[in-house]
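The values are calculated or read from the model by the stated rules, or taken from the named source; none is laboratory data. Nothing here was measured: the structure is a model prediction, and the numbers come from that model. Glycine also receives a Cβ, built like all others from the backbone with ideal geometry; neighbour counts cover every protein chain displayed. Ligands, DNA and RNA are stripped out before the accessible areas are found, and what is left, the full protein with its side chains, is counted by its heavy atoms. Shrake-Rupley method; radii C 1.70, N 1.55, O 1.52, S 1.80 Å.
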Amino acid sequence: MDEAQEQQVLRLLVEVCGTDAITSERDVDLFEAGLLDSLGTTQLLVSLEDELGIKVPPTAVEREDISTVNRILTFVSERL
Amino acid sequence: MDVIERIQAAATRHGDRPAHTYRAEHLSYAQLWSASTLVAERIAGELGHDGSPVVVYGHKEHAMPVAFLGAVRAGHPYVPVDVSWPADRIASVVEESGARLVVAVRPLPHGVTGDAVTVLDGEHLARGLVPPGPLGTPRPVAPDDPHYVIYTSGSTGRPKGVQITSSALAHFVDWATTLADETGIEGTPVWLNQAPFSFDLSVMDLYGALTTGATLHSLDSATVGNARALHDELGRSDVSVWVSTPSFADLCLADPAFDATVLPRLRVFLFCGETLSPTTAGALMQRFPEARVVNTYGPTESTVAVTSVRIGPEHLDGSALPVGRAKPGTTILIRDEAGATLPAGSSGEIVIAGDTVSVGYLHRPDLTEAAFTLVDLDGVPTPAYRTGDLGRLDPDGMLFFGGRLDGQVKLHGYRIELEDIETNLRRVTGVQQAAVVAIRGEDGVVTHLHGFVQLDHVPDGSPLAVATGLKRGLRTYVPEYMVPKVLTVVERIPMTPNGKADRRALEAGSR
C-alpha cells in the first residue's frame, strides 16, 4: 500500500468514525470507543469497494480484523 | 372489534399456528392466548381494576407479547421497557408512570424500583408459569382507556409517556393491516419485527401480525449487530411483510447477497421512523422486484404512522421522497406560527387530527396542554397533535416532510431531544457544560451525534481515552442510541449572545 492509498483509507475512516482523532491513536479499539458499529462497518466496506476496488462482503469480516486503525490498514494492504 | 378481540379470534381459528418466533422457537396462538389469560388473572389479583400501568421489562422473548396482552386483558396499559435501557432510565420510567407492578421477563437491574412496587418474575410466562400470588377476575381495558404507554425522549432530560388508547390502536391497526393485505401474500404471512418493543415502530408489526393470524418474527439485537448471523436468520425467517427503519434496510443492503432469493415471499416493505432516501428505496425495488416499497410517516403521539405512499419509479428522481397521504380518519393540516391553516404548497408545521391522536402524556398535563389541541373539522372539534415537524402538502394531499422546528433529531429511527443528552452529560462526573449537535450527510439525514464537553479539570489521558470514559459515564443515564458517537473536550463551549450554546460554531468545528 502506498502513501496515497493509506491516506485514502484514513480519510474514509475519519468519515465513518466522525473524528480525525483516530488518525493519531491508531491502536484504539474503535468498537469499544463507540466509533465503529455494524452500520459503520458496512459503510466502510462499501467505501473500500467503491474507492479501492476491494470487494469483501460484510458476512466475511471478523470484528477483530478491523477493530483498530492499524488493523484496518493491514486488512486493506493484504487485499490490494 | 378491538385488537384483543381480534387476537382472540385468531387464536380460536388458528390455535396451532405460530404467533411469535424468536431464536428459532415458536409460540403458538393457543399458547399466547392461554398464557396471557393466566397473566391477566394474576395482574387483576395484584392490582385490582385501578388502571395503573404495568411496566414490562425484557427484549424479544415470547413472554413479552404474553405480558402485554395479559396486562391489557386485566384492564391495565403496559409500558414496554427494553433491556438496552440503563438502570437510571428504567427507574425514572417506573417512577414517572406510577406503576405498582413490573413484569420482569429479564432480571431487573438492582435498585430501579421502590418498596411500593411489586416485581413479578416473568421469565417463564410463555410456558404458562406465573409466580404464585393472588388471582382476580380480569376486566379488559375500555376503548377510551390507554392500551399502552410508550416513553420518548423529553427535552428536559426526563422521558415522557405517550398514552395510546385501545380505540386509537384499533383505528391504526385497521389501516396498517390493509397495507399488507393489498399485496396478496399466499399462505400465512410472516411479519418482521426489527425494532425493540419500547420503540413504537414495533406496534405496527406486533399488532399487524397478531390481529390477522400471521406470525411475528422477532430479531434479537445481537443478531442485528452481526452481519453473518443476520443474513442467516433472515434467510430462515420466510418474512413476507417487512417492517423496519430505513437504516436497518441500509444495513441489510450492504450485504450483496440480500435480495429476493433470500426472502422469496417478501411482498411489502413498510418503512417508518425516519427519512427514507430514494437510494434505499431504489435499491430495494431493484433487488425485490415483486415487493412494494411503502413509505409512512407519523409521530408516537398519533399512533405509529398516519400517512403512506407506495414508492414508484416516478418518485426516485426527486431529492426527497413523499411520506404519503393521510389514512382514513386522519386529517393533516399545515399551519403557520399563529395557528392559521396554510394552503397547499406552503411550508409550515404539520398538525395531525383524527382518530389515532393520543390522549396525552401520562401524568404530565403541562406537556399535554402544550402539544395537544382541538381543531375544527367541518364543525366537529377533533383531537389534534402539533408535531413540531415541518412539511407541505401537494394539492392532491401528498405530504412532504421538511425537518424539525426545534432541537429534536431522528437518528436511525430513534427520536432524540439534544437537550435530553446535554442534561444527562452534565450529570457525568467532571462535566461542567455540554452541548450536542447532529451531524448530517449530504442528503440532510442525520448520520451521528457529536457532543462537546467542558470539564472542571484538565483531562488525564488521550482524547479518545477521555471520550471513552465520558461515554461510559453517560451510558449509565441514557440508552446507547443517545450516546454521541464523537465526544470532544473543549476549553469552553461557545455561547450565543443570549446565553445558549452556539450550535453553528460547534457544527463548524465538528471535524
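Annotations for the structure displayed:
- The range B:408-510, relative contact order [Cα under 8 Å, separation at least 6], %: 27 percent
- Debye-formula intensities of chain A, expressed as log10 I(q)/I(0) at q = 0.13, 0.16, 0.17 Å⁻¹, are -0.32, -0.50, -0.58 (one equal scatterer per alpha-carbon, no solvent).
- Under a 5 Å amide H cut-off, with hydrogens placed 1.01 Å from N, B:Thr118 pairs with B:Leu101, B:Val102 among residues at least 5 apart or on other chains.
- Placed amide H near B:Tyr297: partners under 5 Å, 5+ positions off or other chain: B:Val306, B:Thr307
- Sequence-ordered 3J(HN,Hα) estimates for the range B:477-491 from the Karplus curve with 6.51, -1.76 and 1.60 and θ = phi - 60° stand at 10, 10, x, 3, 5, 9, 7, x, 4, 10, 10, 10, 8, 10, 5 Hz, glycine and proline given as x.
- Hydrodynamic radius by Kirkwood, which averages 1/r over all alpha carbon pairs of chain B, in angstrom: 23.7 Å
- Pairs of Lys residues in the protein assembly as shown that lie 8 or more places apart, or on two chains, and have C-alpha atoms under 30 angstrom apart add up to 18.
- Using θ = phi - 60° in the Karplus curve 6.51 cos²θ - 1.76 cosθ + 1.60, the 3J(HN,Hα) couplings for the range A:50-56 round to 4, 9, 10, x, 8, 9, 9 Hz; x is entered for Gly and Pro.
- Gain on full stretching of the segment that runs from B:Arg426 to B:Ser34 - 0.36 nm per residue minus C-alpha separation: 136.4 nm
- Cα shape, the range B:311-406, gyration tensor, a/c 1.5 rule: prolate
- Derived scalar couplings ³J(HN,Hα) [the range B:115-126; Karplus, 6.51 cos²θ - 1.76 cosθ + 1.60; whole Hz; x for Gly, Pro]: 5, 7, 9, 8, 10, 9, 5, x, 4, 10, 4, 5
- Length gained when the stretch B:Asp50-B:Met1 is fully extended (0.36 nm per residue, less Cα-Cα span): 15.3 nm
- The per residue volume of the convex hull around the alpha-carbon atoms of the range B:121-229 is 201 Å³.
- For the peptides B:376-387, B:244-255, the ranking by mean Cβ contacts within 10 Å, running from highest to lowest, is B:244-255, B:376-387.
- Rounded to 5, percent antiparallel among DSSP beta bridges of the range B:1-140: 25 percent
- Treating each Cα of the range B:184-237 as an identical point scatterer and summing with the Debye formula, the log10 of I(q)/I(0) at q = 0.27, 0.30, 0.31 Å⁻¹ comes to -1.06, -1.14, -1.16.
- Shape of the range B:223-299, Cα gyration tensor, a/c cut at 1.5: prolate
- Dimensions (Å) - the protein assembly as shown, Cα atoms, principal axes, largest first: 72, 57, 55
- Computed [θ] at 222 nm, deg cm²/dmol, the protein assembly as shown (DSSP H ≥ 4; -39,500 (n - 2.57); rounded to nearest 500): -9500 deg cm²/dmol
- Label positions at B:Ala229 and B:Gln286, each projected 7 Å from the Cα along the C-beta direction, are separated by 3.1 nm.
- Solvent-accessible area of B:Trp33 with every protein chain in place, 1.4 Å probe, in Å² to the nearest 10: 50 Å²
- For the range B:408-510, the Rg and Dmax computed from alpha carbons only, in angstrom: 13.0, 39
- If both residues of a DSSP beta bridge must be in the protein assembly as shown, then about 60% of such bridges are antiparallel.
- For the range B:1-140, the Stokes-Einstein estimate of translational diffusion at 4 °C and a viscosity of 1.567 mPa s comes to 86 µm²/s, using the Kirkwood hydrodynamic radius over alpha-carbon pairs.
- Summing Cβ point charges (Lys, Arg +1; Asp, Glu -1) relative to the Cα centre of chain B gives a dipole of roughly 760 debye.
- Amide H contacts of B:Arg404 (H built 1.01 Å from N, in plane; Pro and chain starts excluded): B:Leu390 sit under 5 Å, all sequence-distant by 5 or more or on other chains.
- Stretch gain in nm, segment B:Leu374-B:Arg23, where the contour uses 0.36 nm per residue and the Cα spacing is subtracted: 121.8 nm
- Of the beta bridges in chain B, as assigned by DSSP with both residues counted there, near 60 percent are antiparallel.
- For A:Lys55 and B:Ala116, the FRET efficiency from 1/(1 + (r/R0)^6), where r spans their Cβ atoms and R0 equals 56 Å, is about 0.40.
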